[in-house]
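Chemist: Sharing a structure with you now.
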Amino acid sequence: MHKQEFPKPEVWLEHRVSYGETDGMGVVYYANYLHFFERARNAFLHKLGLSYVEIEEQGFFLPVREAGCKYLRPARFDDLLLIRAGISRFKRASLVFVYEVWDGKRENLLATGFTEHACVNKEAKPTGLPSWLKEKIFNQC
């Protein structure tokens, strides 16, 4: 995915790699990318004026049902990363966030990924995405 193909709205999150996020070779441990994605997803919702707490208070939950990451170049201890997040697809009862992880100068794409989220109610039963959530997202486009 190239910069110009990324879905709108989008958010950019800055993150400085801590020592604890790296492996014995000083490279970001692969599973930490999922945490980076989660932080960017939260920033995306905040940009819309929402939070997971607010969504859950309305009786909707967005658990991850699938996740993927393609590692292109290593990130290392103390690197500044820019994590980009947006929503690429809506279905009736799910949505897909996409992510890019760039170096701090946006010269090198380090990783791409996605998370697919089911929309469920308090009983964990699939339910349609609420129209107010879709409207918040589309009003930012």
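FYI, it's all coordinate maths here, none of it is from the lab. What you see is a predicted model; the values in this text were computed from it and never measured. A quick note on method: Cβ atoms are made from the backbone with ideal geometry, for glycine too, and the neighbour counts reach across all protein chains shown.
Chemist: Please compute P(r) over all alpha-carbon pairs of the chain, binned at 5 Å starting from zero, and give each bin as a whole-number percent.
Modeler: Histogramming the chain at 5 Å steps yields 2, 10, 19, 22, 18, 13, 9, 6, 1, 0 percent.
Chemist: In debye, nearest 20: dipole of the chain around its Cα centre with unit charges on the Cβ of K, R (+) and D, E (-)?
Modeler: Values: 20 positive and 18 negative charges, 92 e Å.
In total the dipole reaches around 440 debye.
Chemist: For region 30-118, which trypsin sites (Lys or Arg not before Pro) are both in a DSSP coil and crowded by at most 13 other Cβ atoms within 10 Å? It would help to have the intermediate numbers written out before the result.
Modeler: Details: sites: Arg39, Arg41, Lys47, Arg65, Lys70, Arg76, Arg84, Arg89, Lys91, Arg92, Lys105, Arg106; in loops: Arg92, Lys105, Arg106.
Listed in order of number, the matching sites are Arg92, Lys105, Arg106.
Chemist: With the contact rule set at Cα under 8 Å and sequence spacing of 6 or more, what percent relative contact order holds for the chain?
Modeler: Details: 263 pairs, mean separation 40.0, N = 141.
The normalised contact order for the chain reaches 28 percent.
Chemist: Here is a follow-up. As I understand it, the value is the acute angle between the Cα axis of helix 32-47 and the longest principal axis of the Cα atoms of the chain; what does it come to in degrees, rounded to 10?
Modeler: Rounded to the nearest ten degrees, it is 50.
Chemist: Here's something else I'd like to know. For the chain, what does the helix formula give at 222 nm: sum of -39500 (n - 2.57) over DSSP H segments with n ≥ 4, over the residue count, nearest 500 deg cm²/dmol?
Modeler: Numbers: 3 runs with 31 residues, N = 141.
Calculated from helices alone, the mean residue ellipticity at 222 nm is -6500 deg cm²/dmol.
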